[in-house]
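The values are calculated or read from the model by the stated rules, or taken from the named source; none is laboratory data. Since this is a predicted model, take the numbers as computed values, not measurements. Note: ideal-geometry Cβ built from the backbone for every residue, glycine included; neighbour counts use all protein chains shown.
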Amino acid sequence: MTLKSGLLLISLLLPATLWMPVAYAEITEALPNQQQTVALKLENMTCAMCTVTIKKALQQVKGVQKVVIDYDTKTALVTFDDQKTSSAALIKATTDAGYPGSLVTSISQ
Ligand SMILES: [Cu+2]
């Protein structure tokens, strides 16, 4: 290998080694926590106690990390691990509790 081709090789490898820590950080951040947030529109909410019942029902679903219920808009914002549960399972949980739900939007994080 000549000195010239050696330098060329280093200049080719250098950008790759600079990129690697960045790519690696993205992978390690994304993998342990496959978080997803969905908004569910809920039926039958008539009083403040309903929000407590729905919140409890959603929190019992394995993989659910955060539940925020908005009584005024009759929606639940649920953050969950999509490796452990799904929006269909969340809807089943609220429906079983007496509050049929439907998916409004899916916000990936
Ligand atoms: Cu109620």
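Taking the stated definitions as given, is Lys56 away from the ligand (no atom under 11 Å from the Cβ) and either within 16 Å of Ser102 (Cα to Cα) or within 11 Å of the chain's Cα centre (by Cα) (or both)? Answer is no for this residue. Of all the criteria given as (1) more than 21 Å from the chain's Cα centre (by Cα); (2) among the polar types (S, T, N, Q); (3) modelled with pLDDT under 95, the one not satisfied by Thr105 is (1). Here the range 59-102 is the region considered, the condition is being more than 12 Å from the chain's Cα centre (by Cα) and polar (S, T, N, Q), and the residue that is nearest to Ala39 (Cα to Cα) is Thr75.
Among all positions in the range 25-39, there is no residue which is at pLDDT 65 or above, closer than 15 Å to Ile91 by Cβ and within 16 Å of the ligand (Cβ to nearest atom).
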